[in-house]
Amino acid sequence: RAKRRGKRQYVVFDAALDDELRARRAVESELSDALAGGQLRVHYQPVVDLTAGRVVGAEALLRWQHPVRGLLGPDEFLPLAEDTGAIVELGRWVLDQACAQAALWRAQRPGVTVAVNVSPRQLGRGDVALAVEESLERHGLDPGGLRIEVTESALTESSSARSELWEIDASGVPVGIDDFGTGYASLSYLRQLPVGFIKIDRSFVADMVSDPDQHAIVASVTSLALALGIGVVAEGVETGAQAEALVALGCTTAQGFLYARPMPAEELALLSPGRVGARAGS
Ligand code: C2E
Ligand code: MG
Ligand code: MG
Ligand code: MG
């Protein structure tokens, strides 16, 4: 397209493209150095049973301990990793770390589960389904000890992405919809796809106590999940009032800063419920 606009614009376009490519390659190599150099970390945020008041699992969340920029959250590097394709390798690594950790925790408390996020860009080539099976086997992890979280965009992405979700489900690993209600997926996906659980996006939880509309959304998503017989997890619980409102609606599983922030596995005393409420971590 640039060529048709004449030689001068072609040169400008080319130079910009060149810069972009250079920046991209720099981050790409920085990221693969990060993986090789042990700069990546998996932090874990406890998932809590509100009625029993105990930790029932954790969500694996990727961090980059950058030598210059400090501890980076996924928002600061995952989009680039998705663009360059580095996400495939990173994703495989996170999955393997999470499975190793889950196997350790389950040896001490059999019921706990670890959830791993998978972005739309990772799906559709069979990479994730394969990596799931390899990691389960490598760490002797029961498939029920792992969970995969995808956003609604992954459901609409492609039919190959959807069939990969079926493959993951077939291996016994529950697949759930993350940030439920923020995407464009239709409710029919709940019946067409192997949805084992729903995570109510924290934007709805945030105002559910003060805003009747948000409360109504949380209430209907919860009863929908209960009626379908699938799991429901509230994200981003920050206050006791939110926790009480959730329990009143029948949503008894939650994550949020009220209980704990994401933190290194060794800091997360998953085995002692007394640690729930700690605010250490990222
Ligand atoms: P997510 O899967 O929805 O994860 C929940 C995010 O909410 C996490 O942000 C967590 O730190 C944050 N959070 C938890 N409780 C609270 C709370 O009470 N209040 C507030 N304000 N925030 C809370 P984080 O770790 O920055 O991750 C952001 C997103 O990056 C994740 O959203 C997930 O979509 C993605 N992500 C994280 N790790 C991975 C990964 O290993 N692979 C892929 N593909 N995506 C990942
Ligand atoms: Mg998630
Ligand atoms: Mg989420
Ligand atoms: Mg989110």
(message) Per residue, how large is the accessible surface of region 93-185? Use a 1.4 angstrom probe and give square angstrom.
(response) 42 Å²
(request) Rank A234, A131, A254 by mean-square fluctuation in a GNM of the chain with C-alpha springs under 10 angstrom and give only the top-ranked residue. (result) A131
(message) Suppose each label sits 7 Å from its Cα in the direction of the beta carbon; what would the A23-D213 distance come out to in nanometres?
(response) 3.6 nm
(request) With a 1.4 Å probe and every protein chain left in place, tell me how much accessible area E82 has, in Å² to the nearest 10. (result) 50 Å²
(request) Provide the FRET efficiency to the nearest 0.05 for the S223-Q65 pair, computing r from the beta carbons and using R0 = 51 Å. (result) 0.75
(message) Only Cα pairs within less than 10 Å get springs; with that Gaussian network setup on the chain, which residue of R191, R121, R138 has the largest fluctuation?
(response) R191
(request) Taking 7 Å along the Cα-to-C-beta vector as the label spot, tell me the E266-V247 distance in nanometres, rounded to one decimal. (result) 3.5 nm
(request) At 1.4 Å probe size, with no ligands or nucleic acids counted, give the accessible surface of R22 in Å², nearest ten. (result) 140 Å²
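Let me check I've understood the local charge: for D169, count other residues with C-beta under 12 angstrom from its C-beta, Lys and Arg +1, Asp and Glu -1. What total comes out?
0
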(request) Heads up, I need the accessible area for W93: 1.4 angstrom probe, whole protein in place, Å², nearest 10. (result) 60 Å²
(message) Less than 13 Å from a label point 7 Å out along the Cα-to-Cβ axis of L104: which backbone N atoms in region 37-68 qualify, by residue?
(response) 42-44
(request) Quick one: grab the alpha carbon gyration tensor of the chain, order the square roots of its eigenvalues as a ≥ b ≥ c, and give me rounded if a/c is under 1.5, else prolate or oblate depending on whether a/b is larger than b/c. (result) prolate
(message) Probe radius 1.4 Å, ligands and nucleic acids ignored: give me the carbon and sulfur share of the accessible area of region 1-148 as a rounded percent.
(response) 49 percent
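The values are calculated or read from the model by the stated rules, or taken from the named source; none is laboratory data. Computed from a predicted structure; not experimentally measured. A quick note on method: Cβ atoms are made from the backbone with ideal geometry, for glycine too, and the neighbour counts reach across all protein chains shown. Side chains are part of the model used for accessible areas, which takes the heavy atoms of the whole protein and leaves out ligands, DNA and RNA. Shrake-Rupley method; radii C 1.70, N 1.55, O 1.52, S 1.80 Å.
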